[in-house]
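Bear in mind that the values in this text are calculations on the coordinates, not laboratory data. The structure displayed is predicted, hence computed values, not measured ones. A quick note on method: Cβ atoms are made from the backbone with ideal geometry, for glycine too, and the neighbour counts reach across all protein chains shown.
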Amino acid sequence: MKQKSTVFDKIFDGGIYAVLIFLVVVTLYPLLYVLFASFSDAGQLIVHKGILWKPLGFSLEAYKSVIANPGIMIGYRNTLFIVIAGLSVNLVMTALGAYVLSRRNVLLNNGFMVFIIFTMFFHGGLIPMYLVVKGVGLLDSLWSTIIPFAISTFNLIIMRTAFMGIPESLEESAKIDGANHFTILFRIIIPLSMPVIAVMILYYAVDKWNGWFYASVFIKSRELYPLQLVLREILIANSTESMSAGASAGDRHQIGETIKYATIMVATVPILCIYPFVQRFFVKGVMVGSLKG
């Protein structure tokens, strides 16, 4: 029997909806502001103050300048390589590590987990990492942003927990049929863990796409800059002159503002497009990976 809502319940529900709407606005508005500003007329935008509810005029000049900039295209190429190669390395290494650590008959399994969890709280720091990267010959290479970060401890724990939730009877039946560990992992465990795999793809892809700090430390050649380093240079160093070279000094300053916003959109939209394809797996994957310790 459906219980009748009281006045207090309605007020409480209304308060919850109000808070959620406020959070949505606070979260979404910065992105909308950047979007509106990127399509705005540079002259109108530079004199505008306060909240921006729609594009001021309409202009695609900023996007034309961004697309015509070879640095943006080079950054895209390098970032796509980092995401594709890094994602492949991350998924393979994390799956292998999670499979071994999820087996109950592995010697010193709990001891290994203690050492792995230890790295979440204590690490050598940036200088020892730099020396290691330099010592193995990865300095000034795109692989310097991939190999040292092959496994995330947090993601490894999530995937291990998910693998532990798969019934042992499936593994035992496969062994009776002559399956080895690689067959069990790639033909039984992983197909049954696709929600968690989808979550790992999202976590690792976003991390690789947005990564800029270690790239700024390990990469010195401009032709190897990932997209986020190019974006950082444009935003922080105010380096938009090359994209507005045909304009006068005053116009360059105005166009430069819209170019910054257009560059942010160009660098942000692709990774946002991935989320709808994995969203249906997201909640289930996180919950499956958090049920058991």
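Note on Lys260, Lys208: ascending count of other Cβ atoms within 10 Å places them as Lys260, Lys208, the fewest first.
Quote to one decimal, in nm, the extra length available between Arg104 and Glu172 on full extension: 0.36 nm per residue of separation minus the C-alpha distance between them. Provide the component values of the computation, followed by the final result.
Details: separation 68, 0.36 × 68 = 24.48 nm, distance 1.26 nm.
Extra length from Arg104 to Glu172 when fully extended: 23.2 nm.
In this simple spin-label model, placing a label point 7 Å from the Cα along the Cα-to-Cβ direction at both Ile21 and Val7 gives a separation of 2.2 nm. Structure remark: mean-square fluctuation, Gaussian network model of the chain, C-alpha springs under 10 Å; the largest value among Ala267, Ala62, Ala179 belongs to Ala179. Chymotrypsin sites (Phe, Trp or Tyr not before Pro) within the range 13-111: which are DSSP loop residues with at most 10 other Cβ atoms inside 10 Å? Counting only loop positions with at most 10 other Cβ atoms within 10 Å, the chymotrypsin sites (Phe, Trp or Tyr not before Pro) in the range 13-111 are Trp53, Phe58.
Kindly give Rg over Rh for the range 1-71, based on alpha-carbon atoms, with the Kirkwood expression for the hydrodynamic radius.
Working: Rg = 20.7 Å, Rh = 15.5 Å.
Rg/Rh for the range 1-71 comes to 1.33.
For the Cα atoms of the chain, what angle does the longest principal axis make with the long axis of helix 109-121, in degrees from 0 to 90, nearest 10? Here the helix axis deviates by roughly 20 degrees. A straight chain from Val114 to Thr268 at 0.36 nm per residue would run longer than the Cα-Cα distance by 51.7 nm. Using bins of 10 Å that start at zero, the share of Cα-Cα pairs per bin across the chain amounts to 6, 20, 23, 22, 17, 9, 3, 0, in whole %.
Modelled spin-label separation between Tyr29 and Ser216, with each label point placed 7 Å from Cα along the Cα-to-Cβ direction: 2.8 nm.
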